[in-house]
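Engineer: Pasting a structure below so you can have a look.
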Amino acid sequence: MPDPAFISSLVAGGCAGTAVDVSLFPLDTIKTRLQSSQGFWKAGGFSRIYAGIGPAAAGSAPVAALFFCTYDSVKKVAKANGVEDGANLHMFAASLGEITACLIRVPVEIVKQRRQASVGNSSLEIVKSVLRSEGPLGLYRGYLTTVLREIPFSLIQFPLWEYLKSQVRVKNNGSDPSPGESAVCGALAGGFSAAVTTPLDVAKTRIMLAPSHTPQASYGIFKTLKVVGGESGVKGLFAGVLPRTMWISIGGAVFFGVYEKVISIIEK
């Protein structure tokens, strides 16, 4: 399949991101509450499981679209300049995609996760509180930590997804994987990547949920991991690993399946 055009990537990425974030939101909420420093039940337990779905739904399309526009554009430009279409290119393109997507993802995550953890009664209230206490940069607290979570995740997920699709292509005698086959490849790649990067996700959650002007709010990723490990050991570092793996496994199938299907429809 030729590289998708810019508009195709924009539309397909937006549709795929929205489909995942809205359909699997309860799993994301459970994961966030398990990782919260206040504990699962104090963070809300199983009540108000859709708290924060507004910012998640609003942000999912532009985040996913920005990622895929960057990912596909980098691959297209690189290959046009003689770069081999292999794992190294996929990892580089995915890394740049994550860095750009986090410009939108981080503010959305801060509002969404605080709503999920019962910090603030509305998204608007949370935004006003952050701006009042920390200024505009408060909406980007945890940006570096999020990038440091997303890049390792993508460095595993996207080359693995591309590799699995290449194996399916061999099995299909050179034919491109169907959207269903691409979805299965996405589920396997996403689930594995999610499990091994869970400690980074725990650190990101703790930093974003920390009250302003507390030491935890200014901790970096390694300091946070040290604190969590000291408090709860390996169990704490992998808090929420099951819902995170389930969410991203199912989400990987939905995301990549919808992405490839929309691309195939647009480019017919």
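Engineer: Could you please find all residues in segment 69-93 being closer than 20 Å to LEU10 by Cβ and open to solvent by less than 40 Å² (accessible area, probe 1.4 Å)?
Structural biologist: Result: CYS69, THR70, TYR71, ASP72, VAL74, LYS75, ALA78, HIS90, ALA93.
Engineer: Any chance segment 94-115 includes a residue that's closer than 24 Å to PRO159 by Cβ, open to solvent by 60 Å² or more (accessible area, probe 1.4 Å) and not in a helix (DSSP H, G or I)?
Structural biologist: Looking through segment 94-115, none of the residues is closer than 24 Å to PRO159 by Cβ, open to solvent by 60 Å² or more (accessible area, probe 1.4 Å) and not in a helix (DSSP H, G or I).
Engineer: Pull up segment 118-130, narrow it to residues that are out of contact with any Gly (no Cβ under 7 Å at 6 or more places or on another chain) and within 19 Å of THR214 (Cα to Cα), then point me to the one that is most open to solvent (accessible area, probe 1.4 Å).
Structural biologist: Filtering segment 118-130 for residues that are out of contact with any Gly (no Cβ under 7 Å at 6 or more places or on another chain) and within 19 Å of THR214 (Cα to Cα), the one most open to solvent (accessible area, probe 1.4 Å) comes out as LYS128.
Engineer: Give segment 197-222 a look and list any residue that's farther than 17 Å from GLN38 by Cβ, hydroxyl-bearing (Ser, Thr, Tyr) and not in a helix (DSSP H, G or I), or say none.
Structural biologist: Correct list: THR197 only.
Engineer: Does any residue in segment 232-257 that is under 15 Å from PRO26 (Cβ atoms) and of a type in the set (Val, Ile, Thr) come within less than 7 Å, Cβ to Cβ, of a residue that is open to solvent by less than 30 Å² (accessible area, probe 1.4 Å) and not in a helix (DSSP H, G or I) six or more places away or on a different chain, and which pairs are these?
Structural biologist: Sorted first by the residue in segment 232-257, then by its partner, the pairs are ILE250/LEU24.
Engineer: Further question: Just one of (1) surrounded by 13 or more Cβ atoms within 10 Å (Cβ to Cβ); (2) under 25 Å from ILE49 (Cβ atoms); (3) of a type outside the set (A, V, I, L, M) trips up GLN157, so point out which.
Structural biologist: Of everything listed in (1) surrounded by 13 or more Cβ atoms within 10 Å (Cβ to Cβ); (2) under 25 Å from ILE49 (Cβ atoms); (3) of a type outside the set (A, V, I, L, M), GLN157 misses just condition (2).
Engineer: State all residues of segment 112-147 that are touching a Leu at 6+ places or on another chain (Cβ under 7 Å) and at pLDDT below 90; if no residue qualifies, say none.
Structural biologist: VAL119, the sole residue that qualifies.
Engineer: ALA65 - would you say it is farther than 26 Å from GLN167 by Cβ, open to solvent by 60 Å² or more (accessible area, probe 1.4 Å) and in a helix (DSSP H, G or I)?
Structural biologist: No, not satisfied.
Engineer: Would it be correct to say that GLY233 is open to solvent by less than 40 Å² (accessible area, probe 1.4 Å), among the small types (Gly, Ala, Ser) and under 20 Å from the mean Cα position of the chain (by Cα)?
Structural biologist: The answer is no for GLY233.
Engineer: Collect the residues in segment 248-267 that are part of a helix (DSSP H, G or I) and charged (D, E, K, R), keeping them in residue-number order.
Structural biologist: Within segment 248-267, GLU260, LYS261 qualify.
Engineer: With LEU225, LEU242 as the choices, which residue is part of a helix (DSSP H, G or I) and surrounded by 17 or more Cβ atoms within 10 Å (Cβ to Cβ)?
Structural biologist: LEU225
Engineer: While we're on this one: Those residues that are under 19 Å from the mean Cα position of the chain (by Cα), closer than 26 Å to PRO26 by Cβ and not small (Gly, Ala, Ser), I need them from segment 203-230; list them, please.
Structural biologist: Scanning segment 203-230 gives LYS204, THR205, ARG206, ILE207, MET208, LEU209.
Engineer: I'd like the full set of residues that are among the hydrophobic types (A, V, I, L, M, F, W, C), open to solvent by 20 Å² or more (accessible area, probe 1.4 Å) and under 30 Å from SER9 (Cβ atoms), limited to segment 37-62.
Structural biologist: Result: ILE53, ALA57, ALA58, ALA61.
Engineer: Now, a different point. Answer yes if at least one residue in segment 184-196 is surrounded by 14 or more Cβ atoms within 10 Å (Cβ to Cβ), more than 17 Å from the chain's Cα centre (by Cα) and not in a helix (DSSP H, G or I), and no otherwise.
Structural biologist: No, that holds for no residue.
The values are calculated or read from the model by the stated rules, or taken from the named source; none is laboratory data. Since this is a predicted model, take the numbers as computed values, not measurements. Heads up, the Cβs are rebuilt from the backbone with ideal geometry, glycines too, and the neighbour counts pull from every protein chain shown. Note: areas computed on protein heavy atoms with side chains; ligands, DNA, RNA excluded. Shrake-Rupley method; radii C 1.70, N 1.55, O 1.52, S 1.80 Å.
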